Amino acid sequence: MLARPSLSIGLRLLAACLAVMAATAHAALPIEHWSRPDGAEVFFVESRAVPIIDAQIDFDAGSRREPAPMAGLASVTAGMLDKGVRADGNAPPMNEDALDDAWADLGAQFGAGAGNDRFSFTLRSLADPALLARAAALAARQIGEPSFPDAVWTTERQRIAAALREAETRPGTRAARLYDKAVFGQHPYGSETTEASLQAITTAAMREFHARLRPCGAKISIVGALDRSQADQLASALLSRLKAQACAPLPAVPRVQPLALAQDIRQPFKSAQAHVYIGQPGIARADPDYFALTVGNYILGGGGFVSRLTQQVREQRGLSYSVYSSFDPALDAGAFTIGLQTRPDQAAQAVGVVREVLATFVADGPTEAELKAAKDNLVGGFPLRLDSNAKLVGNVANIAWNHLPLDYLDTWTARVEAVGVADIRAAFQRVLQPERMVTVVVGGAS
Amino acid sequence: MVVATAHAVAQPTGPDTPPSGSALASPARPAVRAETQQFTLSNGMTLIVRVDRRAPTAVNMLWVRAGAMDEVDGISGIAHMLEHMMFKGTPDVPVGEFSRRVAALGGRENAFTTADYTGYYQQVPVNRLQDVMKLEADRFAHNSWPDAEFLKEREVVAEERRMRTEDNPRSRLYEALSAQIWTASPYHRPVVGWMGDIAAFTAEDVRDFYRRWYVPANAAVVIAGDVDVQQVRDWAEQTYGRASSAAVPARKPRPEPPQVGMRRFDFRAPADQAYVAMAFRAPGLESLEPDAIKTPDSQDALALTMLSAVLDGYSGARLGRTLARGPKRVADGVDASYSPVARGPRVFYLAGIPAQGHTAAQLEAALRGEVARIAREGVDEAELRRVKTQWRAGEIFQRDSVFSQARDLGSNWVQGLPPDADSQLLDRLETVTSDQLKSVASRYFGDDQLTVGTLVPLPRDPAKLPRTQADEARPGAVVH
């Protein structure tokens, strides 16, 4: 399937603004946690409002663990997990058509994906025990016994390569790629799937990469209409076809390096808008100033229509439809990014406004009134972060993956309340160097 | 955040009905039955309340039955422009203050415009619901701003069009396709508006559209969440109910003349991959009432809905399985879509990206070939059952989000359907047979009702200076 461009118009602002905030959050949410004999850790929240089960399993097998010449391996390995499973004992092999039919007949949803850090599986099923058991058994085969058929990979590779070439014709894609490369240099966070790297990827490499997925490294988050013992059975079933072997510590990944110099990258492009990215490496999720930076970023460019950037770039000057800032905290430092699009002849003006807003904010921090407004929204709106199982499982997985305390959501609003103007100013001054940022502008004349 | 689209297939939703057959025959039913009530306020506005005690939050959503299809030539996009200006103030709530207050309440807010409607929403902790109802009711009744604000926001909307459309070849293809399919129907025009029209908007154009269509009898409020129905009803009377009642202006029918032959065009744009989109005119569902649902057109609309799901309703559905996989692959991606409900006329879309080594014409033939195969052979029971199971499960999964429940309730109201329309529709779809699929597949996919648009890739030349329609039609007045 492919998405037809939406025929509707709307959303006054892109959702990107809230990306950082969405990763967090709740109060009085009892998370049960236990370790299984195979070494997997389970994080469980019972939620009976709707008769459904959501599960997410995360492994330390994101793209940062790919061999360098095979950029994209984690992602395409995940993409190939629904293309077929091997025979096992009395269970016959299944090809992708058979898998698709089986999932559709169960009315369940299952998927795999890879980001920079995590290799993840997600399952959503109705809670009916018989259905759930069948869904878990099917999921287990895809998790543990993928067949990685060569013929399917040959066509998938062509399809992905064609999509890459298409994406290269878009100014936004080019700008994002130039930006990632400049911010992360040789670090795997900046690695980019290319036609050449796709050529280097074989199904044998996928099997080898898949072998990294072991129960002892798994974090399993489960939310839904089931009890603890059922949750443990579900966890057990999901991992039942992975090889249970000891997990040696994984090799260290090189650290993200700070930028030595400012960099200005301009690429002429025949487009109606110039795409602008400004930023640098930001913070790891474990950064002690996480809350100060989260609250501060709400004020700077994360808080929708009321942020300083939106006020100055969009509301006061009409320069763009969307402008935002975000931190992308990860196991290592993800990027701090400001992004916008504007008519090419206004790009220089927009960049100037953004730089001034940023420099002022880093130098002076927020006002007391801005801080109060941010807390009103973040603290007051806390229940909105937990009002569906889909959001709950995201929060639980965040806690599990980032080694956050089980009462993280119970203390979240207090941690936000505790942030002061001076904390934000100090954190931004420590983390950001406006004079040493990357600026990418793709579009317009050189 | 979600955009409702004029062409979104109605999502399974609403109160539970036991699934029949297949895996879902077991008691997989929502533990709590959603409670929905609909009222008419004293000034004629509709109020729809869905009680769902998932979490202590609530959604306040205002729906106005006015969208791009209520515009006339020369002011295309004015409904959307007004949507933007609704954030620009009232006599009591000055510019910028609306969003500041919603944020201070811990709320999230946005708005959306389609051909058929305009919607506004805030999602808040439930103890702040009354506050956002007051704010929304105030701007519905008293939207007001200085012209300088309008001129700045017009620039923002021009940027929005550049982002969504000008730099997106497939968006431009679909815009051109709608302009070719429809001659008299207002669906001819893009929702965001032609760039030249945006540039020429006046503040008075916006105010005229607002005065004309933003009247209580043309609007509905949907409240969903952990609420008390009587309390919400009282608050609604005290807020929305205070807007002066006025007659909804008569709507001109603007019927589309019959199409009597294929239309075909090429759209040349910088791209790497070609793309082909076919639009077949088709009937729709006008009502779910027992008599109306039995009409031949309504029965066909139900069958076409199922046909689109059989072709492309789940991972592994026919189009993808046959055309985008395996040794005979002709496509890198395929798409079938059809929505049985809309305020205007309907089409069934087939579209796709030709795989390398294959032409758009080959893909076009292959897509039609899959429909022809169903016309000849029908579909087997297991396949039909599978599609119905997907809808049933989707209905239950959708209950996880209070926001999407509110969206579906509003969308149904806009189309003149009852609050439980999605559930009723599901029950109706259960009755569709393989023979009905054969029948619609054989009758609606000929040449005479077809419009085909093909994206023909042009190479990019980055050395050339920008010169686009957007630059030629740049709005004149920029205010800083």
Q) Which cross-chain or sequence-distant (5 or more) residues have an amide H under 5 Å from the amide H of residue A:267, H modelled 1.01 Å from N in plane? A) A:441, A:442, A:443
Q: Choose one of B:221, B:341, B:235: the residue whose Cα lies farthest towards the positive end of the charge dipole of segment B:208-363 (beta-carbon charges +1 Lys, Arg; -1 Asp, Glu; about the Cα centre).
A: B:341
Q. Which is farthest toward the positive dipole end of chain B among B:457, B:301, B:81, measuring Cα position about the Cα centre, with Cβ charges +1 (Lys, Arg) and -1 (Asp, Glu)?
A. B:457
Q. For chain B, what is the Kirkwood hydrodynamic radius in Å, using each pair of distinct C-alpha atoms?
A. 23.9 Å
Q) Taking amide hydrogens as modeled 1.01 Å from N in the peptide plane, which residues meet the under 5 Å criterion relative to residue A:340, leaving out close sequence neighbours? A) A:276
Q) HN-Hα J couplings of segment A:324-340 from phi, Karplus 6.51/-1.76/1.60, θ = phi - 60°, integer Hz, Gly and Pro as x? A) 8, 10, 8, 9, 10, x, 9, 4, 10, 5, x, 7, 9, 9, 10, x, 7
Q. What list of ³J(HN,Hα) values in whole Hz, one per residue of segment A:221-227 in order, does the Karplus curve 6.51 cos²θ - 1.76 cosθ + 1.60 (θ = phi - 60°) give from phi, with Gly and Pro shown as x?
A. 10, 10, 9, x, 7, 7, 9
Q: Looking at chain B, send over the antiparallel percent of its DSSP beta bridges, to the nearest 5.
A: 75 percent
Q. For the protein assembly as shown, what is the largest minus smallest coordinate of the Cα atoms on each principal axis, given in angstrom and ordered from greatest to least?
A. 74, 72, 63
**Q.** Simple Cβ-charge dipole of segment B:125-182, Lys/Arg +1 and Asp/Glu -1, about Cα centre, in debye nearest 20
**A.** 220 debye
(Q) Longer than 22 Å from Cα to Cα, which of B:252/B:294; B:388/B:438; B:88/B:152; B:294/B:438 are they? Say none if no pair is. (A) B:252/B:294
Q: Return the single residue from A:98, A:176, A:151 with maximal mean-square fluctuation; model: Gaussian network over chain A, springs between Cα atoms under 10 Å.
A: A:151
Q.
Need one number: nm distance between label points at residue A:265 and residue A:359, each 7 Å from Cα along Cα→Cβ, rounded to one decimal.
A. 2.3 nm
(Q) To make sure I understand, if each residue's beta carbon is the centre and we count other beta carbons within 10 Å, what order do A:247, A:216 fall in, fewest to most? (A) A:247, A:216
(Q) Please rank A:203, B:305, fewest neighbouring Cβ atoms within 10 Å first, as an exposure proxy. (A) A:203, B:305
Q.
Using a 10 Å cut-off around each Cβ of peptide A:94-107, what is the average number of partner chain Cβ atoms that fall inside?
A. 6
Q) Cα convex hull of segment B:97-177: mean projected area in nm², to one decimal? A) 7.2 nm²
Q) What ranking do B:448, A:328 get, fewest neighbouring Cβ atoms within 10 angstrom at the top? A) B:448, A:328
Q) Counting only residues 5 or more places away or on other chains, whose amide H sits under 5 Å from the amide H of residue B:456 once H atoms are built in the peptide plane? A) B:267, B:268, B:269
Q. Looking only at other chains, what is the average number of their beta-carbon atoms within 10 angstrom of each beta-carbon in A:154-167?
A. 4
**Q.** Helix-only mean residue ellipticity at 222 nm for the protein assembly as shown, each DSSP H run of n ≥ 4 adding -39500 (n - 2.57), per residue, nearest 500
**A.** -11500 deg cm²/dmol
**Q.** Computed label-point distance, nm, for sites residue A:415 and residue B:234 using a 7 Å Cα→Cβ extension
**A.** 4.0 nm
Q.
How shielded is A:309-322 by partner chains, expressed as the average number of their Cβ atoms within 10 Å of its Cβ atoms?
A. 5
Q. ³J(HN,Hα) across segment B:436-449 via Karplus (A = 6.51, B = -1.76, C = 1.60, θ = phi - 60°), whole Hz, x for Gly/Pro?
A. 5, 5, 4, 5, 5, 5, 8, 9, 10, 10, x, 8, 5, 9
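Values in this text are rule-based calculations from the coordinates and carry no lab data. As the structure is a computational prediction, the values presented were derived from the model and not from experiment. A quick note on method: Cβ atoms are made from the backbone with ideal geometry, for glycine too, and the neighbour counts reach across all protein chains shown.
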